[in-house]
Structure formats: C-alpha cells, structure tokens
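For reference, the structure is listed below as structure tokens.
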Amino acid sequence: QVQLVESGGGLVQAGGSLRLSCTASGRTFSRYSMGWFRQAPGKEREFVAAITWSDASTRYTASLKGRFTISRDNAKNTVYLQMNSLEPEDTAVYYCAAKLGLFQVERMNTYDYWGQGTQVTVSL
C-alpha cells in the first residue's frame with residue numbers, strides 16, 4: 001500500500017510559479033513511476049506529466065512542456081512538479097499518482113494509487 005500526500009498548491013498571479021510536492025509512504029517508492037494529473041472545474045481529469053522509476057525518463061502533455069517540469073527525489077520519497085509562467089487556464093486540482101511499471105504513463109486508469117489533490121488557482 002502506498003499513500004500519497006500532495007502539497008504546494010495555492011493562489012498565484014498569472015506569470016508566477018509554484019512547485020507542487022507529492023510525498024509517498026512506504027519503502028518502495030523508487031520502484032513506482034509517478035504521474036501528475038489535473039482536473040479543472042467542469043472538465044475531465046487530464047494527464048500533465050510523468051516520470052518513470054527506472055531511469056527517471058519524463059513524459060509531458062505537449063501543451064505544457066517547457067513550462068512544467070517533473071522531477072523526483074527517491075531519498076525523500078517525493079516527486080515534484082515545477083510550474084512556471086502559470087496561466088489562468090492552469091487552474092485546477094492537481095493530483096499525483098503512482099504505478100508499478102514503465103508504460104502507458106499518460107493513461108489515468110493504469111495508476112494504482114492516488115493522492116487527495118491540491119488546489120492551484122491562477123488569477124489574472
């Protein structure tokens with residue numbers, strides 16, 4: 001069993017930055033690929049970024065690459081999402097998720113564990 005706790009959300013003005021953190025319980029964090037997803041009001045949850053456990057390779061949704069960066073620190077059981085040049089359209093609840101395996105990291109239904117989410121609000 002893995003428990004995930006997100007933090008770092010909040011209110012920021014457009015153009016600003018936030019860094020989200022997701023800390024996992026358990027001693028096998030390094031064996032999980034980690035993903036970030038987000039859900040805006042009235043919209044479906046969507047893939048943001050993922051990082052594999054094996055070689056820390058990363059994947060991003062195309063529209064966010066260049067502004068968002070995912071990274072992980074296995075010693076701290078933590079995955080991060082650095083978000084720069086934030087736009088009002090980035091307003092959403094951001095969720096981290098964990099899965100065993102390396103493939104299909106963009107697919108929400110392949111993840112085994114989910115956090116409760118952290119709210120990010122970007123104002124004009």
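Some points to look at:
- Within segment 1-19, restricting attention to residues that are out of contact with any helix residue (DSSP H, G or I) (no Cβ under 7 Å at 6 or more places or on another chain) and part of a loop (DSSP other than H, G, I, E, B), the residue that is farthest from residue 29 (Cα to Cα) is 15.
- When residue 93 is tested against (1) closer than 18 Å to residue 60 by Cβ; (2) under 11 Å from the mean Cα position of the chain (by Cα); (3) hydrophobic (A, V, I, L, M, F, W, C); (4) open to solvent by 10 Å² or more (accessible area, probe 1.4 Å), just one condition goes unmet, and that condition is (1).
- Among the residues of segment 1-22, those identified as of a type in the set (S, T, N, Q) and open to solvent by 30 Å² or more (accessible area, probe 1.4 Å) are 1, 3, 7, 13, 17.
- Single condition residue 26 does not satisfy, out of (1) part of a loop (DSSP other than H, G, I, E, B); (2) at pLDDT 95 or above; (3) open to solvent by 20 Å² or more (accessible area, probe 1.4 Å): (2)
- Within segment 102-124, being small (Gly, Ala, Ser) and either open to solvent by 30 Å² or more (accessible area, probe 1.4 Å) or assigned to a strand (DSSP E or B) (or both) holds for one residue alone: 123.
- Residue check: residue 74 meets all listed conditions (1) within 20 Å of residue 28 (Cβ to Cβ); (2) among the polar types (S, T, N, Q); (3) open to solvent by 50 Å² or more (accessible area, probe 1.4 Å); (4) free of Cβ contacts under 8 Å to residues at least 24 places away in the same chain but one, namely (4).
- Some residue of segment 53-67 being over 19 Å from residue 117 (Cβ atoms), among the basic types (Lys, Arg) and open to solvent by less than 70 Å² (accessible area, probe 1.4 Å): yes
The values are calculated or read from the model by the stated rules, or taken from the named source; none is laboratory data. Small disclaimer: the values here were computed from a predicted structure and weren't measured. Here Cβ is always computed from backbone atoms with ideal geometry, including for glycine, and neighbour counts include all displayed protein chains. When the accessible area is computed, the model is the full protein with side chains, heavy atoms only, and any ligands, DNA or RNA have been set aside. Shrake-Rupley method; radii C 1.70, N 1.55, O 1.52, S 1.80 Å.
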